[in-house]
Amino acid sequence: MTAPLLRARDLTKRFPLRGGLLGRPRAWVHAVDGVSFDVNPGETLGIVGESGCGKSTLARLLLRLIEPDTGSVAFAGEDVLRASRSRMKRLRRDLQLVFQDPYASLNPRLTIEDAVAFSLLVHGTPRGEARDRARALLDRVGLDPRLHGRRYAHELSGGQRQRVNIARALVLDPRLLLLDEPVSALDKSVQAQVLNLLQDLKAERALTYVLISHDLNVIEYVSDRVLVMYLGEIVETGSAEALARSPRHPYTQALFASAPSMDPDRRMDQPPIAGDPPNPIDPPSGCRFRTRCPFAMPRCAEVPPPFVPVEAGHEVACHLYELEPAGRR
Amino acid sequence: MASSLGLGAAVDAGMAAPVAGAPMSYWRTVGWRLRHDRTTLAAGAVLLLIVLSALLAPWLAPHDPSAGSIRLRLASPGTPGHWLGTDEQGRDMLSRLLWGGRMTLLAGLTPVVVAFVVGSALGIAAGFVGRTTNTLIMRTMDIFYAFPSVLLAIAISGALGPGLANTLISLSIVFIPRVVRVAESATVQVKGLEYIAAARVSGAGVAAIVRHHLLANVLGPILVFASTQVSLSIILAAGLSFLGLGVTPPEAEWGLMLNTLRQSIYVNAVVPALPGLAIFATSMAFNLLSDGLRDAMEVRG
């Protein structure tokens, strides 16, 4: 058992909703609430959930683009949140992010070659060497540097831009790559190409991935282990295979049931869960899923469910799976 | 030769800025668009003429702009020796218009340039730093914004007294808050885009992010906005002189000329119209040029 590469403990972020003349917070949006998990070296951890469940906030917390209210993040044993400015700059080389929006994530005034080389220049690589490395990496992600290198982002297609984004994230030779909805803005056919590219790069460079997506097909395709998030909390974690085979949490079950399937026998007649997620400003007491859960019990409104192991490496936060409901406190 | 060939090929490819085959830098694309916009080209030519004639006034003016003649007052345009006639003191109108252009352009352009520099700095700081800094800067600007620009210019000029320097100061104060607002909103918008976050993830510091990612995307819109303000600034500068708060006589300035010729309008209506026409043509040319600039700098795709 190796030490985890990334360890998040009890991460919480609430965003104030300001109002009134003095801009005092009127209410708090619970974006991420007490999230803990480990990422082991070499694995792909998938994080899945509906839009608005806090996935992207979580990615930004891990990278310290947003400072969490409480909790800790450790990368290779080093406390990320307490790192000094210079340590943080060093850490950033190891921890990179591929953004969701291939349009907003590239500076329209930079050629894609310069956009990729910029990270290297920041870390003091000489200009000529930075350009050569940027070109080599563009070539690796499938863009001809002679044809595309001097072009601007608006001259490229969405898929090509996402390749540039991947090249930019990889140019610093990171050890861990966070992928925030890397393919959700792309066409289905391009999605597969980009996902395959990501798989190849991971094998080549011994990378560790944290993949965030709302698309179960994408998550299942590339992940080793999956976290299911609902309204800022983790509700179930397990291997991708175990989750697909026997999802335990009613929310996970609903997610799998609602994923579009090519199998006619798996087509559904009615949506497994109805309605929208509750307002994260005022999340339900106890279990946050209880308002939409078909199995909700009185206990669900009173006690937040603890994590219960259901099999090796598979845990679920649901009162249905508690072994001795009365004994525990 | 090579460049003219390249341009010919681009024209052949159609009116859209060339994309396929020949990658073009942003500024080259902007230049290409400007070269193919006839209205903007015409406005630019008129403006160039006005600016050159003002700059070369000492060599172009046929007479001393402040040497009058009691004998030849309010002569109509076409009078021998005085192509554009003479004013109420018998001074040559052409010479005065050429010399007056220097003053008017100086008083019109300088405040906008000052406002562009100071306003951009303040606005970008407010937008990028945010929070208390933003509140402090923006609410201060709101105080200036609360007054109509003409009233504010008159009030400040009135307090400071007449003179060119005071005109420049008061007009700069009028235009800074406008530029700050545009700079701030452009900065806030760009700051929220993912490429700024990407630069932070790469480990870049604030200085590098502002220099390489923010400025290039923010200064364009601010420049376009500032260019639209030039015509207003010229009119305000002329207006202050007209009210006796700007350039002092006997200095030639278009607004001041309008003021002193005002009473002569019943004697000779053509001569008093000339400085007004000059103001109109200049501000119109600036407006058309800034419109063209805005269109050309719009990033598509």
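Does A:Leu156 meet the test of being within 14 Å of chain B (Cβ to nearest Cβ), in contact with a helix residue (DSSP H, G or I) (Cβ under 9 Å, 6 or more places away or on another chain) and farther than 23 Å from A:Gly49 by Cβ?
Working: within 14 Å of chain B (Cβ to nearest Cβ): yes; in contact with a helix residue (DSSP H, G or I) (Cβ under 9 Å, 6 or more places away or on another chain): yes; farther than 23 Å from A:Gly49 by Cβ: yes.
Taking the combined requirement at face value, the residue satisfies it.
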* **Qualifying residues in segment A:195-223 (those that are among the acidic types (Asp, Glu) and over 21 Å from A:Leu170 (Cα atoms)) - the one surrounded by the most Cβ atoms within 10 Å (Cβ to Cβ)** => A:Glu220
* Could you please find all residues in segment A:106-135 being outside any loop (DSSP other than H, G, I, E, B), out of contact with any Leu (no Cβ under 8 Å at 6 or more places or on another chain) and either of a type in the set (D, E, K, R) or over 30 Å from B:Pro221 (Cβ atoms) (or both)? => A:Asp114, A:Gly128, A:Arg131, A:Asp132, A:Arg135
* Structure fact -> Of A:Leu81, A:Leu65, A:Leu58, the only residue that is of a type in the set (A, V, I, L, M, F, W, C) and within 10 Å of chain B (Cβ to nearest Cβ) is A:Leu65
* Structure fact -> Per the filter on segment B:177-208, residues more than 12 Å from chain A (Cβ to nearest Cβ) and not basic (Lys, Arg) are B:Pro177, B:Val179, B:Val180, B:Val182, B:Ala183, B:Glu184, B:Ser185, B:Ala186, B:Thr187, B:Val188
* Asked: What's the number of the condition A:Leu138 fails, among (1) surrounded by 21 or more Cβ atoms within 10 Å (Cβ to Cβ); (2) at pLDDT below 85?
  -> (2)
* Structure fact -> When every residue in segment B:172-195 that is among the hydrophobic types (A, V, I, L, M, F, W, C) and at pLDDT below 90 is compared, the one nearest to the chain's Cα centre (by Cα) is B:Val190
* Assess whether A:Gln199 counts as being at pLDDT 90 or above and not hydroxyl-bearing (Ser, Thr, Tyr). => yes
* Structure fact -> Residue pairs within 7 Å by beta carbon, gap of at least six or interchain, first lying in segment A:77-95 and surrounded by fewer than 13 Cβ atoms within 10 Å (Cβ to Cβ), second part of a loop (DSSP other than H, G, I, E, B), listed first then second, are A:Gly77/A:Ala3
* Take B:Arg139 and decide whether it is charged (D, E, K, R), within 14 Å of chain A (Cβ to nearest Cβ) and within 30 Å of A:Leu63 (Cβ to Cβ). => no
* **In segment A:103-129, residue farthest from A:Ala153 (Cα to Cα) [restricted to those that are crowded, with 24+ Cβ neighbours inside 10 Å and more than 9 Å from chain B (Cβ to nearest Cβ)]** => A:Ala117
* Give B:Thr133, B:Thr104 a once-over and let me know the one that is more than 21 Å from the chain's Cα centre (by Cα) and of a type in the set (Ser, Thr, Tyr). => B:Thr133
* All positions within segment A:182-194 that are of a type outside the set (Gly, Ala, Ser) and either buried (at least 21 other Cβ atoms within 10 Å of the Cβ) or in a helix (DSSP H, G or I) (or both) -> A:Pro182, A:Val183, A:Lys188, A:Val190, A:Gln191, A:Gln193, A:Val194
* Structure fact -> Of (1) of a type outside the set (D, E, K, R); (2) within 14 Å of chain B (Cβ to nearest Cβ); (3) touching a residue at least 12 places away in the same chain (Cβ under 8 Å); (4) more than 30 Å from A:Asp200 (Cβ to Cβ), A:Ser72 fails just (2)
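Would you point out the residue of segment A:128-170, among those that are among the polar types (S, T, N, Q) and without any contact (Cβ under 8 Å) to a residue 60 or more places away in the chain, that is farthest from B:Gly203 (Cα to Cα)? Don't jump to the end; show me each part of the working.
At the first step, the residues of segment A:128-170 found to be among the polar types (S, T, N, Q) are A:157, A:160, A:162, A:165.
From the residues that got through so far, the ones that are without any contact (Cβ under 8 Å) to a residue 60 or more places away in the chain too are A:157, A:160.
Details: A:Ser157: 27, A:Gln160: 24 Å.
Looking at residues that are among the polar types (S, T, N, Q) and without any contact (Cβ under 8 Å) to a residue 60 or more places away in the chain, I get A:Ser157.
Looking only at segment B:35-87, which residues are among the acidic types (Asp, Glu) and farther than 22 Å from B:Glu251 by Cα? Outline the logic, then answer.
So the first thing to find is which residues in segment B:35-87 are among the acidic types (Asp, Glu), and the list is B:37, B:64, B:87.
Once the filter is applied, which keeps residues that are among the acidic types (Asp, Glu) and farther than 22 Å from B:Glu251 by Cα, segment B:35-87 yields only B:Asp37.
The values are calculated or read from the model by the stated rules, or taken from the named source; none is laboratory data. Quantities reported herein were computed from a predicted structural model and do not represent experimental measurements. Cβ atoms come from the backbone with ideal geometry, glycine included; neighbour counts cover every protein chain shown.
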